[in-house]
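The values are calculated or read from the model by the stated rules, or taken from the named source; none is laboratory data. This structure is a prediction, so every number in the text was calculated from the model and none was measured. Using ideal geometry, Cβ is built from the backbone for each residue, glycine included, and neighbour counts are taken over all protein chains shown.
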Amino acid sequence: MRGQRLVAFRPFTLEQEAFDLPDTPPPGHVLAETICTLISTGTELANYTGITVDRRAMGDDWHAMPYRPGYSYVGVVRAVGSGVAGIMVGDRVCGHGPHASVALLEARNVAVVPESVTDVQAAFVTLLIITMNAVRLAKIELGDRVAAVGLGLIGNLALQQAHVCGGMPVVGTDLLAARRTYAEQVGLTALDPTAADFAARIGTLADDGRFDVVFEATGSPSGVSPALHLAARHARVVALGSTRGIVEQFDLYGDVHVPGVTIIGAHLMTHPAEPNFANRWTMQANRAVALRLLADHRVDVDALVSHHEPAERAPDLFALLAERRSEAMGCILDWRT
């Protein structure tokens, strides 16, 4: 099967290239025709702009190792490899997959989408399991005060799930007014950290203005200190945004040691490979829960979609996200047009 996929051979550029896949998938895989994909405004933008460690080391010529983005995928299965159970030809599936018109997917990395979940909603499932993993690691209990620094897709979804877990209140901060508006549209409290009344407002929401759980979701080194400054004694601060760069003015003694703060790393890859006595929530298990949350309307992703465009407009959308981030939120690429 022949298809088209996105590829970058240098920073800040993106194009489509033709490629071929076998008509018969190998064992443990399925071959799918893509419906839509969701652009990651964190990891994918960091690679696209060349700020990750490995991309920066390559300079401006990536031909030796091109960057092919994508991990939030929805498609229809066209062929099933041996050893795959629970997935049939014609099923809609979502999960980890590339920005491409066709894809060879590991069956363990996708799930069948129920009829009650739309294509666009299913495209958010990978982001939902990233934030779900962080929420689980934070061990949020009923009544915990929860905050997020950064209200992009990741911060927004983490707070929505914290609310489902019983967080009271759940509060987000962001410098961008547009992101605060998106947060308010899904029922979250959103504050401008530069506002003159910020300290008074956050103090009212959380008594002393401190929180039991704080998600750092900006992906910027400058977001770490504000997250620590919102943490109460013995709080859990979750490193959820994929921060690139050195955190300056980091006061380990004053911000972590004295208040007894626990810092938790919550990268996607901190999911357990297999369920165990300490953590049974694998990617597969969280993916199933994410679909149930969407089907039951317990999280709102529809309100987070700012752009739904044909895949051929991918270069324009990546450029928009990189250069004028405030003008976009959730960007869906439609591969059927």
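Just give me the residues in region 24-38 being surrounded by fewer than 19 Cβ atoms within 10 Å (Cβ to Cβ) and under 11 Å from residue 103 (Cα atoms), in sequence order.
33
Would you say residue 117 is surrounded by 17 or more Cβ atoms within 10 Å (Cβ to Cβ), without any contact (Cβ under 8 Å) to a residue 40 or more places away in the chain and not in a strand (DSSP E or B)?
It is false that residue 117 is surrounded by 17 or more Cβ atoms within 10 Å (Cβ to Cβ), without any contact (Cβ under 8 Å) to a residue 40 or more places away in the chain and not in a strand (DSSP E or B).
Only residues that are in contact (Cβ under 8 Å) with a residue 24 or more places away in the chain and of a type outside the set (Phe, Trp, Tyr): list them for region 260-282, please.
Listed by number, the residues that qualify are 260, 261, 262, 263, 264, 265, 266, 267, 268, 270, 271, 279.
Could you list all residues from region 234-246 that are in contact with a Pro (Cβ under 8 Å, 6 or more places away or on another chain), surrounded by 16 or more Cβ atoms within 10 Å (Cβ to Cβ) and not in a loop (DSSP other than H, G, I, E, B)?
235
For residue 307, which of the numbered conditions (1) over 27 Å from residue 162 (Cβ atoms); (2) in contact with a Cys (Cβ under 9 Å, 6 or more places away or on another chain); (3) surrounded by 15 or more Cβ atoms within 10 Å (Cβ to Cβ) fails to hold?
Result: residue 307 fails condition (1) only.
Determine, yes or no, whether residue 125 is farther than 26 Å from residue 312 by Cα and in contact with a helix residue (DSSP H, G or I) (Cβ under 9 Å, 6 or more places away or on another chain).
No.
Out of 17, 44, report the one residue that is assigned to a strand (DSSP E or B) and either charged (D, E, K, R) or not assigned by TED's automatic domain parsing to the domain that holds residue 131 (or both).
The match here is 17.
Give me the helices (runs of 4 or more DSSP H) completely within region 140-214, filtered to those with at least 1 residues that are in contact (Cβ under 8 Å) with a residue 24 or more places away in the chain and more than 19 Å from the chain's Cα centre (by Cα), ordered by residue number.
Counting at least 1 such residues, we get 177-185, 198-205.
Inspect all residues belonging to region 218-233 and state whether any of them is over 22 Å from the mean Cα position of the chain (by Cα), in a loop (DSSP other than H, G, I, E, B) and within 30 Å of residue 50 (Cβ to Cβ).
No, the conditions are met nowhere in region 218-233.
Test of understanding: among 8, 46, 57, which residue is aliphatic (A, V, I, L, M), surrounded by 12 or more Cβ atoms within 10 Å (Cβ to Cβ) and at pLDDT below 95?
Of the residues listed, the single one that is aliphatic (A, V, I, L, M), surrounded by 12 or more Cβ atoms within 10 Å (Cβ to Cβ) and at pLDDT below 95 is 46.
Return the residue satisfying two criteria in turn: it lies in region 247-269 and is within 22 Å of the chain's Cα centre (by Cα) and more than 16 Å from residue 158 (Cα to Cα), and of such residues it is surrounded by the fewest Cβ atoms within 10 Å (Cβ to Cβ).
Filtering region 247-269 for residues that are within 22 Å of the chain's Cα centre (by Cα) and more than 16 Å from residue 158 (Cα to Cα), the one surrounded by the fewest Cβ atoms within 10 Å (Cβ to Cβ) comes out as 269.
Looking at region 1-36, which of its residues are without any contact (Cβ under 8 Å) to a residue 24 or more places away in the chain and among the hydrophobic types (A, V, I, L, M, F, W, C)?
Correct list: 18 only.
Which one of 124, 211 is modelled with pLDDT of 95 or more, surrounded by 16 or more Cβ atoms within 10 Å (Cβ to Cβ), aromatic (Phe, Trp, Tyr) and within 30 Å of residue 30 (Cα to Cα)?
124
Which members of region 59-78 meet the condition of being among the charged types (D, E, K, R) and in a strand (DSSP E or B)?
78
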